[in-house]
Amino acid sequence: MKVGIFGSGMVGQTIGSRVAVLGHAVMMGTRNPAKLQEWLGKVAGKARVGSLADAAAHGEILFNATNGNGSLEALALAGEANLNGKILVDISNPLDFSHGMPPVLFVSNSDSLGEQIQRAYPKVKLIKTLNTVTASLMVNPRQLADGDHHIFVSGNDVDAKLYVVDLLKTWFGWKNILDLGDITTARGTEMYLPIWLRMWGALGTGLFNIKIVK
Ligand SMILES: NC(=O)c1ccc[n+]([C@@H]2O[C@H](COP(=O)([O-])OP(=O)(O)OC[C@H]3O[C@@H](n4cnc5c(N)ncnc54)[C@H](OP(=O)(O)O)[C@@H]3O)[C@@H](O)[C@H]2O)c1
């Protein structure tokens, strides 16, 4: 499958490496391709780097791994025509570091970054997921408790959500996936970040997750 990934940070590189190893045609989209030269060496020719528009045009499925502050700008550079009709797996969080640590959320309660993106691109099938765990867990959940912990999905398009649930299982190894509902439920997973950050501080590692028990 052709996969386009927006963002050259830890998340983009981690998703890109995993998907490339699986044999898919990965194109990373960045404003600055030079940033990814070292990473390209690590994936040994199994992926390509281009502009955000190149990655968007290339991908049959797209991942948004850009900084939340820059996500709408990144998607504008990707180009609406290149996005329309496609599944966009949105991993971004609306973190504002401008007041120091810990960051605050720049959108919350009655709105979310996921909804802002979905409103800006109504023809995109936006599925919010993976934003509640650290990058290495996204693609390798079984490194903790044999994968017996939870990830969430939110999105309006039911078929697209089922498709992404299948990818989470088959590409990354997730076992426990909780469908929270439509894209408004992204408010919940984005607002989980303040407690995630406090747990990170208390535990001294980002390598943890939660398990839902009833
Ligand atoms: N790090 C984690 O473990 C983790 C876990 C869960 C969720 N997340 C979320 O996943 C996203 C990516 O996180 P990250 O840690 O990999 O990287 P990041 O440092 O948050 O930034 C990733 C990328 O965002 C792009 N970007 C920033 N401002 C932009 C703008 N104005 N226009 C276009 N692109 C812009 C940059 O792309 P260029 O290459 O073009 O400079 C950069 O490579 C974030 O939203 C983060 O909150 C991260």
Original post:
Which ones in region 76-91 are over 18 Å from Ala160 (Cα atoms) and open to solvent by less than 40 Å² (accessible area, probe 1.4 Å)?
Top reply: Ala78, Gly79
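Among Glu80, Glu73, which is out of contact with any Asp or Glu (no Cβ under 9 Å at 6 or more places or on another chain) and near the ligand (Cβ under 9 Å from one of its atoms)? Reasoning before the result, please.
Values: Glu80 fails: near the ligand (Cβ under 9 Å from one of its atoms).
When all the criteria are applied, what remains is Glu73.
On the given criteria, is Ala55 within 15 Å of the ligand (Cβ to nearest atom) and either without any contact (Cβ under 8 Å) to a residue 12 or more places away in the chain or not charged (D, E, K, R) (or both)?
Values: within 15 Å of the ligand (Cβ to nearest atom): yes; either without any contact (Cβ under 8 Å) to a residue 12 or more places away in the chain or not charged (D, E, K, R) (or both): yes.
Spelling it out, Ala55 is indeed within 15 Å of the ligand (Cβ to nearest atom) and either without any contact (Cβ under 8 Å) to a residue 12 or more places away in the chain or not charged (D, E, K, R) (or both).
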Original post:
Mind checking which residues of region 165-214 are among the aliphatic types (A, V, I, L, M), within 19 Å of Ala135 (Cβ to Cβ) and out of contact with any Lys or Arg (no Cβ under 9 Å at 6 or more places or on another chain)?
Top reply: Leu167, Leu168, Leu193, Ile195, Leu197, Met199, Leu203, Leu207, Ile210
**OP:** Give the residues of region 10-48 that are more than 23 Å from Asn131 (Cα to Cα) and without any contact (Cβ under 8 Å) to a residue 24 or more places away in the chain, sorted by residue number.
**Re:** Gly23, Pro33, Ala34, Gln37, Glu38, Leu40, Gly41, Ala44, Gly45, Arg48
Original post:
Restricting attention to region 188-198, which residues are over 15 Å from Ile151 (Cα atoms) and surrounded by 14 or more Cβ atoms within 10 Å (Cβ to Cβ)?
Top reply: Pro194, Leu197
Original post:
In region 6-28, how many residues are near the ligand (Cβ under 10 Å from one of its atoms), open to solvent by less than 40 Å² (accessible area, probe 1.4 Å) and in contact with a Phe, Trp or Tyr (Cβ under 9 Å, 6 or more places away or on another chain)?
Top reply: 7
**OP:** Go through region 189-214 and give me each residue that's farther than 17 Å from Pro103 by Cα and in contact (Cβ under 8 Å) with a residue 24 or more places away in the chain.
**Re:** Leu207, Phe208, Asn209, Ile210, Lys211, Ile212
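Of all residues being in contact (Cβ under 8 Å) with a residue 60 or more places away in the chain and either open to solvent by 50 Å² or more (accessible area, probe 1.4 Å) or farther than 15 Å from Asp90 by Cα (or both) in region 158-186, which is nearest to the ligand (Cβ to nearest atom)? Just the residue, please. Show your work before the answer.
Looking only at region 158-186, we keep the residues that are in contact (Cβ under 8 Å) with a residue 60 or more places away in the chain, and these are 160, 163-164, 167, 171-172, 183-184, 186.
Checking which are either open to solvent by 50 Å² or more (accessible area, probe 1.4 Å) or farther than 15 Å from Asp90 by Cα (or both) leaves us with 163, 171-172, 184.
Working: Tyr163: 21, Trp171: 17, Phe172: 14, Thr184: 19 Å.
Looking at the filtered set, the residue picked out is Phe172.
The values are calculated or read from the model by the stated rules, or taken from the named source; none is laboratory data. Since this is a predicted model, take the numbers as computed values, not measurements. Positions of Cβ are backbone-derived with ideal geometry, glycine not excepted, and every protein chain shown enters the neighbour counts. These area figures cover heavy atoms from the full protein model, side chains too; ligands, DNA and RNA do not enter into them. Shrake-Rupley method; radii C 1.70, N 1.55, O 1.52, S 1.80 Å.
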